[in-house]
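Here's the structure, in structure tokens; my notes come after.
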Amino acid sequence: ATSSLDDMAPGTSFSPILSDVLSKSSEKVTRVVFVAGKLYYDLVKAYAEQSSELTDKIAIVRLEEICPFPRDELASELERFPNVH
């Protein structure tokens, strides 16, 4: 996967994490998986092959920066999922 030039145009910014875009309802999510790199695309492929009963419970969050670790951004992202403990 690659980024387009539009992703790096003026007015855009880097985000150390990319929020889950696959789960339909953050209230149904009970597990959050944090991934980096190409593994994200492998998981998305496997995710698409699963039943919606399972996929509704799992969110996949992409880590785009590991050092320095984005602790505050991850904490904010986890707040989106009230049923993840």
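The values are calculated or read from the model by the stated rules, or taken from the named source; none is laboratory data. Everything numeric in this text was worked out from a predicted model, so none of it was measured. Every residue, glycine as well, gets a Cβ built from its backbone with ideal geometry; the counts of neighbours run over all protein chains shown. The accessibility values were calculated without ligands, DNA or RNA, using every heavy atom of the protein model including side chains. Shrake-Rupley method; radii C 1.70, N 1.55, O 1.52, S 1.80 Å.
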Estimated D of the chain in µm² per second, where Rh is the Kirkwood radius over Cα pairs and Stokes-Einstein applies at 10 °C, 1.306 mPa s: 114
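FRET efficiency for Q50 and A9, Cβ-Cβ distance as r, R0 = 25 Å, nearest 0.05?
On the way: r = 35 Å, r/R0 = 1.41.
According to the calculation, E is roughly 0.10.
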DSSP loop GluC sites (Glu not before Pro) with at most 12 other Cβ within 10 Å excluded, longest remaining stretch of the chain: 50-78
In nm, spacing of pseudo-spin labels at R80 and A36 (7 Å Cα→C-beta vector): 2.0
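Roughly how many percent of the accessible protein surface of the chain is carbon and sulfur, given a 1.4 Å probe and a whole-percent answer? Walk me through the numbers on the way to the answer.
Working: 3350 of 6170 Å².
Result for the chain: 54 percent of the exposed heavy-atom area is carbon or sulfur.
Can you pull out the chymotrypsin sites (Phe, Trp or Tyr not before Pro) in region 13-68 that DSSP calls coil and that have at most 12 other Cβ atoms within 10 Å? Write out the running numbers ahead of the final one.
Numbers: sites: F14, F34, Y40, Y41, Y47; in loops: F14.
Passing both the DSSP loop test and the Cβ count: F14.
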DSSP-assigned coil residues among trypsin sites (Lys or Arg not before Pro) in the chain, each with at most 10 further Cβ atoms within 10 Å: K24, K38
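Counting helices only, and only those DSSP H runs with n ≥ 4, report the 222 nm mean residue ellipticity of the chain as the sum of -39,500 (n - 2.57) divided by its residues, in deg cm²/dmol to the nearest 500. Please list the in-between numbers first.
Working: 3 runs with 22 residues, N = 85.
So the helix-based figure for the chain works out to -6500 deg cm²/dmol.
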Karplus 3J(HN,Hα) series, Hz, for region 18-27 with 6.51 cos²θ - 1.76 cosθ + 1.60 (x for Gly, Pro): 10, 4, 5, 10, 9, 5, 7, 9, 5, 6
